[in-house]
Amino acid sequence: MTLGNDELLKEFLAETNEQLAGIETDLLTIEEGGENINEELVNKVFRAAHSIKGGSSLFGLKKIQELSHKTESVLDLIRSRVIRPNPEVVNILLISFDKLKELLNNVMISNEMDISENLVALTGLATSFLPQSEKGFFHKQGAVKLPAGAAVNVNEMDLELARKSGHYVYFVEYDLIHDIDMLDKNILDVVRLLIAFGKVLDAQVNTDAVGTLEEEPSGIIPLHVLFSTEVGPDEIEMVLELPKERIKLLASPPKDLPAAPPPIQIAGISPPTAPARTEVQPATASDKPAETGAAATQSPTAHPVNTDGEKAKRPASDQSGPPAAAGSVADATLRVSVEVLETLMNLAGELVLSRNQLREALSTNDMRGVNAGSQRVSLVTSELQEAIMQTRMQPIGNVFNKFPRVVRDMSRTQGKEIQLIIEGKEVEMDKTLIEGLNDPLTHMIRNSCDHGIEMPEERIRKGKSPTGKVTLRAYHEAGQVIVEITDDGKGINPAKISASAVSKGLISQEKVLGMSDAEKTALIFLPGLSTAEKVSDISGRGVGMDVVKSNLDRLGGKIEIESKVDEGTRFCIKLPLTLAIIPSLVVAVGNERFAVPQINVLELTRIPAAQIQNKIEIVGDAEVLTLRGRLIPLVSLGRVLGINREVVDETTGQTLTDRRQSLADRRSRRSPLLEEVAITGQTGSEPSAAKREADSDRRYHAANDLNIVIISTGTFQYGIVVDQFFNTEEIVVKPLGRHLKGLPEYAGATIMGDGKVALIIDVSGLAGKAGMRHVSGSSRAAVLAAETARENRQDSMSFLLFQNQPGELCGIPMEMVLRVERIERSQVENSAGRRTMQYRGASLPLITLSDAAEVKPIDEAQKLAVIVSSIGGREVGLMVAMPVDVIETRLQIDQKTHRQKGIAGSAIVKDKTMLLVDLVEIVETVFPEWQVSAGPEKTADKAARPLILLAEDSDFFRGQVKRFIESEGFAVAEAPDGQAAWELLCQLGEKVKVVVTDIEMPRMTGLGLARAIRAENRFAGLPIIGLTSLAGEEDIELGKAAGITDYQIKLDRDRLLESLRRILPRAAERQIEF
Amino acid sequence: MEENNDEVTQSLVATFIVDDRHYGLTTSRVREVVRIGEITPVHHSPDFILGIMNLRGRIVTVVDLGRKLGLNRQAVTGHSRIFIAEWQQEHVGLLVDRVGEVVPFDETELRPVPENMPAAQAGMLHGVFHSGKLLIGLLNLDLILDDAPGKEDRQKAGGE
C-alpha cells in the first residue's frame, strides 16, 4: 500500500477526470429528456459518482466521498423514477459535480473544503421527493448492527434500496497489506472488482485498528467496505477472493429466499491459504505499520488515511499553500491507447532493425543494400511520425462539450432563450491547441450569449424567433482548422465600437474617420475596450476580446469578425497546423524555393509569352489575370518579397553579399509585372536598366512564359507569379525563431530533401503584404475587388436560353418570362391561320421565332415548350424547342451582326452565339391589331411629345429602352453615362419631363445623377426612374435617399411604361404651375 | 550593466573577431560553433537577420553580428563561423568573421565600456576586459537579441 501510493492517486484522479468529462452533457441530456428517463445515461452518471465515491473512500478523501455519495443517492432516485430530473434537480446535480471537480482538483486540501451547502441541497432534494414515511431513512444511520470496530456507516435508506433491488448487503473486511499489497494488486483493482459486481455503499480504512506507535504493531490495515450486490452468500467469497470470515452478510433481498445463514456460521472451515498468509504476516509487514503509526500520532483524527505517512503529513503542511501537484496531474499526462503504444513499440523495433541493415550494407559497400535500407528507414520513419502525431491528436469535442452547460447556465441566469448548436466535434487537433482554445472559446461563447443574443421580448420585437441561436462549428479548411462561433443576436455596431474607442482615448478621431466598418468592428480587439453599457459579472469587464486575441496569437491562430447589426455576429478562428505535416507545392523565384500549402492551391497556370498582353490587364495600379471570365489579382512573389533575380554564386560568400544588395535594390524596382515580363529588355530610363535588361533576358528569354499559382485563401482568390513550379511534397512545418515570428507572409519553414531550408508561404499574409487585405478599405486591391464586383454586377442579367433549331441558341431576358410550360404537339390548335392552345381556361396565342425573323421554322417533331410572356397586357406564348436553361451573365451585346426583325442582337454565351429575341417585335409583326406600341403617329405633334432623358451606358439596353419609350409616344434624349445625362439635362432644362437612368454607369452613377438633379432647385420636382437589373431593398433605399422616384427593372417594358404613364400626368401639371 | 549571474562570475569566454575587433561570449551561453552552411534569406525580416539555417533538423535564425554592432560588413570567408547561442529556449546563430580562443575571465577584470565607443556597440556590451594583450568586448546576448516589439518595428522600418 505504501508503495506507489502517489501513483495510485494519480491514476484515480486521471480516471475520475475522464469520467467527469462527459457528465455535464449527459446531465443536460437527462434534463432535456424530462420524464422519459434514459436509463443508460442516468446509469452512466450514476456509475461515475459511484466510482468516485469508492475511490475517494480508499484514499480517505472524506469530503469527496460524502459528496459523491449524496449525489449518487439522488441519481439513484432519478433512476428509480422517484425524482423527476427537472431543471432545478439537474442544476443541483451540476453544481454538485462542479464541486466534486473542484475537490478533486485540490485533492490534497479537499478534506478542509466546505461542502455543506451542496450536501444540504442534495439531501433536501432527496427528502423532498420521498414519501413521508420514508423520509427518515435518508438520515437514519447505523440501523443495522455492524461488527464491532467497523469503520463504515450505513443508513437505512441505502440498505432498503439495496434490498428492494434484490441485493445482498455485505460487510467486507480487506487487509490492505496482505490481501492487496502483497498479492501485487492495488487498491483500485479492488474497487473495480467491487464495482463490477455491485455497489459500494461505504468504504473506510479502519485507522483505529492500525494502532499507535506505543502499541504493538498489529500488522494489518483493515479496509472496511459496505458492499451491495446481487451475488449471493454462496459465491461471494469466490468473487471477492476473500476468506469467508471477512465477509458478513447484513441484509438480504426480501424474497422468499431462505434467510441467508449468518456467514460466520459457514465460515467454520477456513480456506487452506489463510494460515499460510498469517505466517508471512509479521516478517514483511513489521516496519510498515510502525511507519504509518508514527504518522497517525501526528494527526490522529483529522486525516483518516494514515496508511501512508507521507500523505498524512501533506495536507497539514500544504494548508496555506497552493494545492499540491497531484491536482494537476491529470492535465500533465496524456492517455494513449495501448494499441497506439504497441504500434510505436513495433515501429521503434523496426527502426533499429533497419538501422542495422543500413550499417551492414554501408560497411560492406553494398549499394543495393543501402538503397533497400534507406527505403525501409524512410517508410518506418513516416509511419512512426504518423503514430506519434496520433498520440497528440484529440477531438475538439473535448472543449466543445463544456459549452452546452455554459450556455444553459447563462440563459437561465439572464432569462434568455438560447439554443447552442455544435458541429464538428470530431475534428481532431493537437492536444496543446485544444487546451489553448478552451479559454478564448469560453469567453467568446459567453460574449455571444451575454452581448449577442437579445432578450426574448426584444427578439420578438425585431421579428426574430424568441430563441436565440449560437452555433459552434469546427472544420478543416485550407490546411487549417477553423472554429466558428456564430450568433443571430444584435450584432456589433461599428459606430458604437469606434465611438467607445475614441472616448477611451484608444484611437484618434481622425483615424476612425478613415476606417471601414470592418476595421471599426475589429477595434473590439483593442485592449481596454468594452462596449457593454452595463458591466455584468459574466463578461464586459473590458478585458475581453484583447485577451482572446492574445491567447489565439500565442497558438498561432487568427480571428476575424463579421457582424451585421440586428442580424448577428460571426467569429472565425483559424488555427494553423504548426505541428503538422502538410503537402505543399514547391515553387521558386530566382534560386530561392518556397513552399505553398497545397490546400491553398487551386490550380497552376502558365501563360505563354505571346498571350501575356491579352490575358493580363492593369486596373489602376494592379495587374489582374482574366481566367475563364474571372478577374484574378496577381502578386509577383519576387516583387513582394524583394528577391534579387540574379543568379547567385554557389560559393556561400558571394551569395550573402548578393542578397544584401538585393535588399537595397528593392526600392528602385517598382516596375509593374507587365513591364518586367512582357516588355523584355525594353526599358532603359532607370539607372539599373542595363542590369535589369540582362536580368530579364536571362529569366524570360527562353520562353517568357508566366507561371502563376492560383491561390484560395478561403475568402478570396489571387494568383502568385513565380519563376518555376516544382513537385508537391510532404513537408514538416517548423516554427520560425522569435525574431521572425511576426512576419505575416511566412507560416514557418521546412527542411527540404537536400537539407536546405525553404520558407512556407502564408497565403493570407502574403496577400496582406501585397496590399490585398480585403478588410483594409484603402488598399488598392480592395478598390480592385470592388471594381471587379461592380463590373460583375453591372448589367448582369438572367436570360432564359432555348433553341429554335437544334444548335441555334436563343435567349430572352428572364424579366419578360412569366412561365415556361412543356407542351405536347397535340395541344397546339390551328384556327384561322393562327396557332393557339388551351391554357388556364383561356386561349393562349402562340408565336414562333420564324413568324417574324428569318430563321428556319421550329422543328415540331422536337419536344416543345412554351414561354409565356405578357406583352401589352396580353399573354402570349413563344413556342421553342426543348431544352431550356437559365444563365446569369454579363453580356457584351452585338446589335449589328444579327439584327433583324424579331432579333434584337446577339451575344456570346458559353462560346456560342446567342440570338437575343425581341418578343415585342414578334408580337407586333404577328398581331399588328394588338397595337402594342402606341406608335409615334398617335401623338399629334412631335414637338408636343413629352421629352424623356434616358441615361444608360450599355448601347443595347439604351436602344431597347428607347424603343419601348418611343413606341409609347414619348420623345427620348439619350446619354451614355450620368455625366453626359447631367450635361444634356442642363442644356434641355425644363423640356425634360422625366429622367430614366441606369444606376451603374461610368463617370457618374445614376445615384450621382439623381443627387445632382435634386441639388438644383429648378429640377426639384423632376421625376427620376431608376433602371436596374437587380433591385435589392438596400439598393432601393439608397436610390430613394438619392432622390430617385421609382425603380423599374430593365427590359420590363410594361411596368416601365406604366410607371411613365403614372408619373407623366404629374409632370404635365408641374409644367402648368411654372 | 545588467546583472546576469552566469556572465559575471569566474568563467570562460569564447572569443571571436568581427570586423577586426575582438568580442567574447561566456561559454555557458554558447552551444556550439558551426561552419556556414546554406543560409536561406528571410525577406522583410529585420536587417540584422541574415536568414535561417538548418541545424540538424532545427530551424535556426542567423544574426549578422557585425550589422547588429554597427560595424563594417565583412565578406564571408572560409574562416567565418556561426556561434549557436541559447536564448529564450531558442537556438540563435551569430555570424562572426573568425573564431578566437576560449579565455578565462574573472568578473573583477571587467571594465566599463569606454566612453568613446559608438552607442550601437556600447549598448550591446557588458563591458570590456583584457586577455593578455587583447581587449575583448564581452557581449550581452540578451541585449543583442532583444526582440522587443518597438525596437523591431524600428528596425523593420529601417530595413524596408
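The values are calculated or read from the model by the stated rules, or taken from the named source; none is laboratory data. This structure is a prediction, so every number in the text was calculated from the model and none was measured. Counting neighbours? That spans all protein chains shown, and the Cβs are built from the backbone with ideal geometry, glycine included. Keep in mind that these areas ignore ligands, DNA and RNA; they rest on the heavy atoms of the full protein, side chains included. Shrake-Rupley method; radii C 1.70, N 1.55, O 1.52, S 1.80 Å.
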_Compactness of the stretch A:338-394 - radius of gyration and Dmax, Cα, Å_ = 13.3, 46
*Between B:64, B:20, B:47, which gets the highest mean-square fluctuation from a Gaussian network model of chain B, Cα cutoff 10 Å?*
B:20
*In the stretch A:823-868, which GluC sites (Glu not before Pro) fall in coil by DSSP and have 10 or fewer other Cβ atoms within 10 Å?*
A:824, A:854
*asked:* What distance in nm lies between label points placed 7 Å from Cα along the C-beta direction at residue A:374 and residue B:20?
replied: 4.7 nm
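Roughly how crowded by other chains is peptide A:757-764, in terms of the mean Cβ count from those chains within 10 Å of each of its Cβ atoms? Spell out each step's value before the answer.
On the way: counts 13, 2, 7, 0, 0, 0, 0, 0.
Mean inter-chain Cβ contacts per residue within 10 Å come to 3.
Which value, in square angstrom to the nearest 100, describes the accessible area buried between chains A and B on both sides, using a 1.4 angstrom probe? Kindly include the intermediate steps, with their values, before the conclusion.
On the way: alone 51960 and 8850 Å², together 57760 Å².
Protein heavy atoms only, the A-B interface buries about 3000 Å².
Express the relative contact order of the stretch B:75-130 as a whole percentage, based on alpha carbon pairs under 8 Å and six or more residues apart in sequence. Before the final figure, lay out the partial values.
Working: 48 pairs, mean separation 14.2, N = 56.
Result for the stretch B:75-130 is 25 percent.
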*Cβ under 13 Å from residue B:57's Cβ, residue B:57 left aside: what net charge do those residues give with Lys, Arg +1 and Asp, Glu -1?*
+4
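Can you tally the net charge around residue A:926? Count Lys and Arg as +1, Asp and Glu as -1, for every other residue whose Cβ sits under 13 Å from the Cβ of residue A:926. Intermediate results must be reported in sequence, preceding the final value.
Working: positive: A:834, A:835, A:874, A:901; negative: A:851, A:918, A:921, A:924, A:929.
It works out to a net charge of -1.
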_How far apart, in nanometres, would the label points at residue A:546 and residue A:47 be if each is projected 7 angstrom from Cα along the Cα-to-Cβ direction?_
4.9 nm
*Hey, can you find the accessible area per residue of the stretch B:12-140 for me, probe 1.4 Å, expressed in square angstrom?*
43 Å²
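So how do A:416-422, A:604-610 stack up, highest first, on mean other-Cβ count within 10 Å? The partial results should precede the final answer.
Values: A:416-422: 17.7, A:604-610: 14.3.
By packing density, highest mean first, the sequence is A:416-422, A:604-610.
Give me the net charge of residue A:196's neighbourhood, meaning all other residues with Cβ under 11 Å from the Cβ of residue A:196; Lys, Arg count +1, Asp, Glu -1.
Numbers: positive: A:47, A:192, A:199; negative: A:189.
Counting the neighbours of residue A:196, the net charge comes to +2.
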_Testing the spin-label approximation: label points 7 Å from Cα along Cα→Cβ at residue A:598 and residue B:111. State their distance in nm._
6.3 nm
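Count the lysine pairs in the stretch A:1-131 whose Cα atoms lie under 12 Å apart, taking only pairs 8 or more positions apart in sequence or on different chains.
Values: A:53/A:62; A:53/A:63; A:53/A:70; A:63/A:99; A:63/A:101.
So the count works out to 5.
Give me a single rounded figure for B:78-91: the average over its residues of other chain Cβ atoms within 10 Å of their Cβ. Mind showing how you got there, number by number?
Numbers: counts 3, 0, 3, 0, 0, 0, 0, 0, 0, 2, 2, 1, 4, 1.
Mean partner shielding for this stretch: 1.
Suppose the chain between residue A:477 and residue A:611 were pulled fully straight at 0.36 nm per residue; how much longer would it get relative to their current alpha carbon spacing?
Numbers: separation 134, 0.36 × 134 = 48.24 nm, distance 3.36 nm.
This chain segment gains 44.9 nm when fully extended.
Between residue A:495 and residue A:526, what length comes free when the chain is fully extended (0.36 nm per residue of separation minus the Cα-Cα distance, one decimal in nm)?
Details: separation 31, 0.36 × 31 = 11.16 nm, distance 1.50 nm.
Length difference between fully extended and current span is 9.7 nm.
Just the C-alpha atoms of the stretch A:893-933: what Rg/Rh do they give, with Rh taken as the Kirkwood radius?
Details: Rg = 12.0 Å, Rh = 10.9 Å.
Rg divided by Rh gives 1.11.
Using a 10 Å cut-off around each Cβ of peptide B:55-66, what is the average number of partner chain Cβ atoms that fall inside? All intermediate terms of the calculation are to be shown ahead of the outcome.
Numbers: counts 1, 2, 4, 4, 11, 2, 7, 1, 2, 2, 0, 0.
Mean inter-chain Cβ contacts per residue within 10 Å come to 3.
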*Given the options B:120, B:75, B:14, state which has the largest fluctuation in a GNM of chain B using a 10 Å cut-off (strictly under) for Cα springs.*
B:75
